[in-house]
Amino acid sequence: MSLLVVGSVALDSIETPFGAVQDAVGGSATFFSAAASLFGPVQLVGVVGTDYPLERLDFLRARGVDLAGLEQEPGESFRWAGRYSLDLNSRDTLETRLGVFAEFRPRIPPAFRHAEWLFLGNIDPVLQLEVLEQVHAPQLIACDTMNFWIEGRHEALMRLLERVDLLLVNDGEARQLSGDHNLMRAARWIQRHGPSMVVVKKGEHGAMLFTRDFAFSAPAYPLEEVFAPTGAGDAFAGGFVGYLARAGVLDAPHLRRAMIYGSALGSFAVERFGLERLIDLQPDELQERVRHFRELTAFEDTMPLAAHA
Ligand code: AMP
């Protein structure tokens with residue numbers, strides 16, 4: 001499998017009702033590759049400043065993530081600060097400091113250009129478009145975005161959508177992008193503007209996949225302790241795309257299973273702050289959780305009902 005991710009490699013400052021961290025290693029590409037590397041090798045392209053603690057990414061290298069496309073430029077790393085509400089389902093961005101991202105132009109190393117699976121992590125859609133100019137016909141182009149870019153780069157985002165196969169967004173972003181509060185209609189609106197598949201993530205209420213032929217709903221894994229949701233969306237994407245890349249197939253049964261792997265990875269991400277839970281997550285722990293998902297959702301056909309006619 002050849003799986004390429006281009007996205008942010010960040011320092012996150014997060015506040016939740018249970019605590020706070022400053023400058024934790026995060027970013028869309030980082031969370032994505034931490035999750036996707038459980039399925040096979042990942043190639044990462046991004047940028048950090050001279051202040052970045054690069055040794056904190058060693059665990060990714062050890063898990064088969066090729067960091068040859070991670071540039072280090074003079075200046076400050078991308079920083080994001082967010083605060084979560086008590087139910088952890090909504091968050092406010094307190095600060096987005098682009099730092100070296102402001103000048104970043106993604107350069108895809110020649111060895112990465114034939115990637116069959118591509119995830120455009122949450123970054124400026126102008127840069128996501130630049131990546132598409134440099135890759136050769138991936139089997140799947142998946143992408144993510146967020147309110148910051150929906151507001152600030154709407155036109156480029158719409159041009160990007162025409163060229164991607166799958167958009168993963170959370171419920172608020174789907175509503176904001178489409179201008180429709182109903183999630184089914186919002187997903188259909190997105191499909192009309194390009195991607196044949198849309199995943200709408202709904203935090204503790206699970207996630208839904210919409211294709212042209214079917215819809216599929218995956219629950220969120222019920223956890224007694226949810227600590228910090230940052231990175232859950234990118235971990236979901238890493239599980240979803242990582243699974244598909246490993247399977248090498250894009251049919252309905254594999255897409256459904258990808259939703260469960262995505263949900264499982266998202267659930268691990270929220271158990272600790274930042275990357276903590278994903279760093280040493282073992283494949284057998286993931287498989288065990290996927291088995292629980294099956295128990296959680298399996299049911300027999302219903303019994304016949306009374307006939308009144
Ligand atoms: P998630 O919780 O999965 O939606 O992703 C959170 C991650 O996205 C954090 O690690 C942030 O560093 C990163 N992030 C937040 N805002 C942006 C942005 N505007 N562009 C790129 N990455 C961002």
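The values are calculated or read from the model by the stated rules, or taken from the named source; none is laboratory data. The model shown is predicted, which means the values in this text are computed figures rather than measured ones. Cβ placement follows ideal geometry from the backbone for every residue including glycine, while neighbour counts extend to all protein chains displayed. These area figures cover heavy atoms from the full protein model, side chains too; ligands, DNA and RNA do not enter into them. Shrake-Rupley method; radii C 1.70, N 1.55, O 1.52, S 1.80 Å.
Worth a mention:
- Amide hydrogen proximity for residue 66: with H placed 1.01 Å from N in the peptide plane, the residues at 5 or more positions away or on another chain lying under 5 Å are 42, 43, 44.
- Candidates per GluC sites (Glu not before Pro) in the range 205-309, loop by DSSP, up to 14 other Cβ within 10 Å: 224, 225, 300
- Take every pair of alpha-carbon atoms less than 8 Å apart whose residues are at least six positions apart; their mean separation over the length of the chain yields a relative contact order of 17 percent.
- Here the accessible area of the chain is 51 percent carbon and sulfur, with a 1.4 angstrom probe and all protein chains present.
- Descending principal axes extents, the range 94-155, alpha-carbon based, whole Å: 37, 21, 19
- Over the chain, accessible surface divided per residue gives 45 Å², non-protein components excluded, 1.4 Å probe.
- Both radii were evaluated on the Cα set of the range 1-145; the Rg over Rh quotient, with Rh as the Kirkwood radius, amounts to 0.97.
- Label-to-label distance, nm, for residues given as residue 68 and residue 223 (7 Å Cα→Cβ offset): 3.5 nm
- Karplus-derived HN-Hα couplings along the range 219-226 (A = 6.51, B = -1.76, C = 1.60, θ = phi - 60°), whole Hz, x at Gly and Pro: x, 7, 6, x, 10, 7, 10, 10
- Value of [θ]222 nm, deg cm²/dmol, for the chain, DSSP H segments ≥ 4, -39500 (n - 2.57) each, nearest 500: -10500 deg cm²/dmol
- Comparing 207, 102, 186 in a Gaussian network model of the chain where C-alpha atoms under 10 Å apart are linked, the largest mean-square fluctuation is found at 102.
- For the range 200-210, 3J(HN,Hα) per residue [Karplus equation, 6.51 cos²θ - 1.76 cosθ + 1.60, θ = phi - 60°, Hz, x = Gly/Pro]: 10, 9, 10, x, 5, 9, x, 8, 10, 9, 10
- Mean-square fluctuations from a GNM of the chain, with a 10 angstrom spring cutoff on Cα atoms, peak among 265, 166, 54 at 54.
- For the chain, the spherically averaged projection of the C-alpha convex hull amounts to 17.1 nm².
- Remark: the range 166-177, residue by residue, has Karplus-estimated 3J(HN,Hα) of 9, 10, 10, 9, 8, 4, x, 5, 4, 5, 5, 5 Hz, where x stands for each Gly or Pro and the curve is 6.51 cos²θ - 1.76 cosθ + 1.60 at θ = phi - 60°.
- For the chain, the share of DSSP beta bridges that are antiparallel, to the nearest 5, is 40%.
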